[in-house]
Amino acid sequence: MAAEFMREHQLIVDVISACTYDLSLEVEYKYLRPRIVDIFPRMTLSRDEGNGRASFDIMINICDSAKRLSKDDFIRFVDAISVDYPDKANDIRKKYREFSGGNELPAPMELQLPIQCHHDISRNSAPETQHVTQLPVLESGIPPTYDRPQVPQWMASNDEEVYCMDTQPRGMALIINNVHFKSFSVRNGSDADVSHLSKMFEKLKFSICCKGNLTAEQMKQECKKFAKDRNLQNVSALSVVILTHGSTNECYFGIDGFIGRDNIPVKNTYITKTELAQIFNSRNCPLMKEKPKLFIIQACRGGYKAYRDVTRGSPFIEDFTDLIMNKSSATDEFLHIVQKLQRAFSQKLLSNSKMTLPDFSTQLVKSWYIIPA
């Protein structure tokens, strides 16, 4: 009995592990959550959700927690996914069949929700007469939710759900492009990235400021100057792009960047991701409080190299700008655009071992429709 239990547990672990990445890319957590609140303990959901995490990151954690579910709860979890994402649920079932040697994942137990009865007291009817409404029942027995918008959110006027993007210009962008370094190699192809990004920001109706070949201190000063620009009060969004050499611990070098003998970046020759976030937080950049900010960093991450073609620039920048300019519309929410980018990039990784999947994180609390109508 114990051996059978362990085999089933390991099967669930293997199936979830094989499907985690695709689930995290495809499944929007905000739509799945109402259907799994009675499957996972609330403490588990609160822990996995964290503070302002992106749907992708939350789903990674949810999938990890799903590895510890009982078989019955695992079946309910798959059923909950099937409501909005039937293809993903079918992928899980296929993996279960493959890993179990041909066994099918059992159907969920049928649960019956009670009929909801409402007395219509506005009419002079007999007391026993009732106005009866029966809620639809899903296979898993989880009641459906109706909080998904019935019209595209970009059309909504409720600013509690969607970031306002109605200013002219719509945003301001700062691009820092470091090409020639004192101690590092020339970043050939980076000018092509600037060209792609400039065209993209023009389409997005952002004003653009480009700076090149800055020391670490100059990078910090330009960012601080940009964060204090009075024109920010008249725009809806902000973007900062840094194209440079990088290293471990999210260090992004100025042209004076240097790595010591101990293979540790030398102090004051780089700016960190944390410093960048602090420069543009609500205290230091009050004009952008509660407005969306987009940070794009094209740089190596220590052991992870940022591939760059010497003529076309980086595939990441090329693909991202092409997706914004040619393959997306005003009805595409920004997070969905990023998911499409990651899916496309994951396919490229199969044929080019020099590339790594772009790292993405978000603290957006509303839907953001970055492309103008």
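The values are calculated or read from the model by the stated rules, or taken from the named source; none is laboratory data. The structure displayed is predicted, hence computed values, not measured ones. Please note: Cβ atoms are built from the backbone with ideal geometry, for glycine as well, and neighbour counts cover all protein chains shown. We work out accessible area using only protein heavy atoms, side chains counted, and drop any ligands, DNA or RNA first. Shrake-Rupley method; radii C 1.70, N 1.55, O 1.52, S 1.80 Å.
Tell me, please, whether a residue that is small (Gly, Ala, Ser), over 20 Å from the mean Cα position of the chain (by Cα) and not in a loop (DSSP other than H, G, I, E, B) can be found in the range 87-103.
Restricting attention to the range 87-103, the residues satisfying the condition of being small (Gly, Ala, Ser) are 89, 100-102.
Subset that is over 20 Å from the mean Cα position of the chain (by Cα): 89, 100-102.
Checking which are not in a loop (DSSP other than H, G, I, E, B) leaves us with 89.
Checked the range 87-103: at least one residue is small (Gly, Ala, Ser), over 20 Å from the mean Cα position of the chain (by Cα) and not in a loop (DSSP other than H, G, I, E, B).
Scan the range 76-86 residue by residue and report those that are open to solvent by 10 Å² or more (accessible area, probe 1.4 Å), within 16 Å of ILE62 (Cβ to Cβ) and in a helix (DSSP H, G or I).
So the first thing to find is which residues in the range 76-86 are open to solvent by 10 Å² or more (accessible area, probe 1.4 Å), and the list is 76, 82-86.
Narrowing the set further to residues that are within 16 Å of ILE62 (Cβ to Cβ) leaves 76, 82-85.
Of everything in the range 76-86, those that are open to solvent by 10 Å² or more (accessible area, probe 1.4 Å), within 16 Å of ILE62 (Cβ to Cβ) and in a helix (DSSP H, G or I) turn out to be ARG76, SER82, VAL83, ASP84.
Quickly run through the range 336-351 and pick out the residues that are touching a Pro at 6+ places or on another chain (Cβ under 8 Å) and either in a loop (DSSP other than H, G, I, E, B) or at pLDDT 85 or above (or both).
Here is the first cut: in the range 336-351, the residues touching a Pro at 6+ places or on another chain (Cβ under 8 Å) are 341-342, 345, 348.
Result: LEU341, single match.
Being surrounded by 18 or more Cβ atoms within 10 Å (Cβ to Cβ) and either among the small types (Gly, Ala, Ser) or modelled with pLDDT under 90 (or both) narrows it down to one residue among ALA330, ALA299, ALA373; which is it?
Working: ALA330 fails: surrounded by 18 or more Cβ atoms within 10 Å (Cβ to Cβ); ALA373 fails: surrounded by 18 or more Cβ atoms within 10 Å (Cβ to Cβ).
Going through ALA330, ALA299, ALA373 in turn, just one is surrounded by 18 or more Cβ atoms within 10 Å (Cβ to Cβ) and either among the small types (Gly, Ala, Ser) or modelled with pLDDT under 90 (or both): ALA299.
Please go through the range 10-38 and give me each residue that is farther than 30 Å from PHE345 by Cα and either of a type in the set (D, E, K, R) or open to solvent by 60 Å² or more (accessible area, probe 1.4 Å) (or both), ordered by number.
Within the range 10-38, GLN10, ARG35, ASP38 meet the criteria.
Could you check the range 322-341 and list, in sequence order, the residues that are in contact (Cβ under 8 Å) with a residue 24 or more places away in the chain, among the polar types (S, T, N, Q) and out of contact with any Leu (no Cβ under 6 Å at 6 or more places or on another chain)?
SER328, SER329, THR331
Test each condition in (1) acidic (Asp, Glu); (2) at pLDDT below 85; (3) assigned to a helix (DSSP H, G or I); (4) open to solvent by 20 Å² or more (accessible area, probe 1.4 Å) for ASP48 and report the one that comes out false.
With respect to (1) acidic (Asp, Glu); (2) at pLDDT below 85; (3) assigned to a helix (DSSP H, G or I); (4) open to solvent by 20 Å² or more (accessible area, probe 1.4 Å), ASP48 is out only on (4).
Step by step: first the residues of the range 200-228, then only those that are among the acidic types (Asp, Glu) and open to solvent by 50 Å² or more (accessible area, probe 1.4 Å), then the one that is farthest from THR362 (Cα to Cα). Which residue is that? Lay out the reasoning, then the answer.
Taking the range 200-228 and keeping what is among the acidic types (Asp, Glu), we get 202, 217, 222.
Right, trim to open to solvent by 50 Å² or more (accessible area, probe 1.4 Å) and you get 202, 217.
Numbers: GLU202: 23, GLU217: 26 Å.
So, considering only residues that are among the acidic types (Asp, Glu) and open to solvent by 50 Å² or more (accessible area, probe 1.4 Å), the one farthest from THR362 (Cα to Cα) is GLU217.
I need the full set of residues from the range 234-263 which are touching a Pro at 6+ places or on another chain (Cβ under 6 Å) and closer than 15 Å to SER183 by Cα, in order please.
SER247, ILE259 - these are the residues of the range 234-263 that are touching a Pro at 6+ places or on another chain (Cβ under 6 Å) and closer than 15 Å to SER183 by Cα.
From the list ASP38, ASP64, ASP14, ASP72, which one is of a type outside the set (A, V, I, L, M) and under 25 Å from LYS340 (Cα atoms)? Spell out how you get there, then give the answer.
Values: ASP38 fails: under 25 Å from LYS340 (Cα atoms); ASP14 fails: under 25 Å from LYS340 (Cα atoms); ASP72 fails: under 25 Å from LYS340 (Cα atoms).
It is ASP64.
Restricting the search to the range 258-271, which residues are open to solvent by less than 30 Å² (accessible area, probe 1.4 Å) and either in contact with a His (Cβ under 6 Å, 6 or more places away or on another chain) or among the polar types (S, T, N, Q) (or both)? Step through it out loud before you land on a result.
We begin by selecting, within the range 258-271, every residue open to solvent by less than 30 Å² (accessible area, probe 1.4 Å); these are 260, 265, 269, 271.
Within the range 258-271, THR269 is the sole residue that qualifies.
Select, from ALA192, ALA173, the only residue that is assigned to a helix (DSSP H, G or I), buried (at least 17 other Cβ atoms within 10 Å of the Cβ) and at pLDDT 90 or above. Walk me through how you get there before you give the answer.
Values: ALA173 fails: assigned to a helix (DSSP H, G or I).
Going through ALA192, ALA173 in turn, just one is assigned to a helix (DSSP H, G or I), buried (at least 17 other Cβ atoms within 10 Å of the Cβ) and at pLDDT 90 or above: ALA192.
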